[in-house]
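Everything below concerns the one structure shown next.
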Amino acid sequence: MASVQLEQVRKVYPNGFVGVAGATFEIGDGELLVLVGPSGCGKSTLLRMIAGLETISAGTLRIGGRVVNEVAPKDRDIAMVFQSYALYPHMSVAENLAFGLKLRSHDKAAIAARVAEAAKTLELDALLDRKPAALSGGQRQRVALGRALVRQPQVFLLDEPLSNLDAKLRASTRVEISRLHRKLGTTMVYVTHDQVEAMTLGQRIVVLDKGEIQQIDTPMALYEQPANLFVATFLGSPKMNLLFGPLREDGDGGLRLRIAEGVELPLRPDAAMRAALQPYVGRELTVGLRPEDMHLSHEGDVGRLPAKVETVEPVGSEAYINLGCGGCDLVVRLPPYNLPQVGQTVHLGYEAERMHFFDSASGKRLLP
Ligand code: ADP
């Protein structure tokens, strides 16, 4: 096992396009770290540089403390699993598992032992004689994982390994990968565009956008304290609601966000946040509230936002209510009973202490 360290690792493609703008972070020994971001954000580029499949334009990459910028992929002691598992169709599962080891001229007995061990770990024992055509998508992906496993690498690199599976299989294979990681304790770097995969699998997550790291933290820390509007709206489904407008003092020392003519959101910041908000008086501010932190208003709510119900989407365990409020589109998660009607005007309450504050221009989070 080994840690992976990146120091200002940068990728500029031959056409001048900056794929990764300079990444600095460390993947701990035995850690499962997820790289997540929208399509084109540079996550595969980053993974491929770690694998050695892409040259590094600048910066330093270390695996297990050794600088590997110029080391060939086969000598980096890594194994990679791709989205398209590309098994050899004419070979059995056992032969597919053994193939990479044969190329590396391990002796027969050692190969057989490793194949047996990987098959046991991934519950492929009963399938060893089958050809890939006779396997389900999930089983094929398990064979692809097995091919990486038999190599006993220091680091596993996984590039969207579940994207070709249907939703149900994705969920179960995700659990399997998590279990596999706990069992092996091997360092893993996992690339996905799927925020649910990132949140459920990652011990820590690196969020990327346009080749730049936006934030690195544990899943819940990212969810609770997103560093900017990009992270705030990328993680979470439905997305975080954003309310924006100029901030004003209400005369009693309180602050209000003016969302539209006659629609104001009273803010109840603590002392530290009150100080951080002071420079925004008279300027535009963005307030974030997650859909689960809003509700249909009841007696005793301090702020009551008028909003018009646009759609009601029951999903079984809960319902998503889409509303319009002074030019802002909002989504509220509610229990799936006593739901409002489309077209109805309702009043929304919210958890004032769960508000997130962002600078509208830079998108940066204000304290904390
Ligand atoms: P992701 O994996 O996050 O979807 P990639 O790492 O594959 O994104 O690509 C990051 C960006 O680099 C994309 O905008 C992509 O178009 C660009 N890119 C990838 N390969 C090349 C290349 N060979 N030449 C120029 N640009 C490239």
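Go through the range 302-356 and count every residue that is within 15 Å of E264 (Cα to Cα) and in contact with a His (Cβ under 8 Å, 6 or more places away or on another chain).
Count: 7.
Within the range 141-154, which residues are at pLDDT below 90 and more than 22 Å from S44 (Cα to Cα)?
Q152
For the range 338-352, give me each residue that is farther than 13 Å from E310 by Cα and modelled with pLDDT of 90 or more.
Those that are farther than 13 Å from E310 by Cα and modelled with pLDDT of 90 or more: H347, L348, G349, Y350, E351.
Can you go through F99, F17, F82 and tell me which one is closer than 23 Å to P161 by Cβ and within 16 Å of the ligand (Cβ to nearest atom)?
The unique qualifying residue is F82.
When the range 24-42 is examined, which residues are found to be over 19 Å from F156 (Cβ atoms) and within 16 Å of the ligand (Cβ to nearest atom)?
G37, P38, S39, G40, C41, G42, listed by residue number.
Can you find a residue that is surrounded by 16 or more Cβ atoms within 10 Å (Cβ to Cβ) and free of Cβ contacts under 8 Å to residues at least 24 places away in the same chain anywhere in the range 246-253?
No.
Would you check which residues across the range 182-239 are surrounded by 21 or more Cβ atoms within 10 Å (Cβ to Cβ) and assigned to a loop (DSSP other than H, G, I, E, B) and list them?
T186, G202, G211, P226, L235
Determine which member of the set P132, P161 is touching a strand residue (DSSP E or B) at 6+ places or on another chain (Cβ under 7 Å) and surrounded by 15 or more Cβ atoms within 10 Å (Cβ to Cβ).
Unique residue meeting the criteria: P161.
List the residue pairs whose Cβ atoms are under 9 Å apart, where the first residue sits in the range 176-188 and is more than 14 Å from A148 (Cβ to Cβ), the second is among the hydrophobic types (A, V, I, L, M, F, W, C) and part of a helix (DSSP H, G or I), and the two are 6 or more positions apart or on different chains.
Close Cβ pairs (under 9 Å, with a partner that is among the hydrophobic types (A, V, I, L, M, F, W, C) and part of a helix (DSSP H, G or I)) amount to S178/L201.
Given the criterion in the same structural domain as P38 (by TED's automatic domain parsing) and under 22 Å from L47 (Cβ atoms), identify the matching residue among L97, L169, L157.
Every option except L157 fails the conditions.
When you scan the range 47-69, do you find a residue that is acidic (D, E), within 14 Å of the ligand (Cβ to nearest atom) and at pLDDT 95 or above, even just one?
Yes: the range 47-69 contains one or more residues that are acidic (D, E), within 14 Å of the ligand (Cβ to nearest atom) and at pLDDT 95 or above.
If you scan the range 273-321, which residues turn out to be of a type in the set (S, T, N, Q) and surrounded by 12 or more Cβ atoms within 10 Å (Cβ to Cβ)?
Listed by number, the residues that qualify are Q278, T286, S297.
To keep it simple, each residue is scored yes or no on (1) over 28 Å from T24 (Cβ atoms); (2) out of contact with any Gly (no Cβ under 6 Å at 6 or more places or on another chain); (3) not basic (K, R).
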site: A112; (1), (2), (3): yes, yes, yes
site: L135; (1), (2), (3): yes, yes, yes
site: R140; (1), (2), (3): yes, yes, no
site: L145; (1), (2), (3): yes, yes, yes
site: P153; (1), (2), (3): no, yes, yes
site: T173; (1), (2), (3): yes, no, yes
site: H181; (1), (2), (3): no, yes, yes
site: Y190; (1), (2), (3): no, yes, yes
site: E197; (1), (2), (3): no, yes, yes
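The values are calculated or read from the model by the stated rules, or taken from the named source; none is laboratory data. Since this is a predicted model, take the numbers as computed values, not measurements. Glycine gets a Cβ as well: all are built from the backbone with ideal geometry, and neighbour counts include every protein chain shown.
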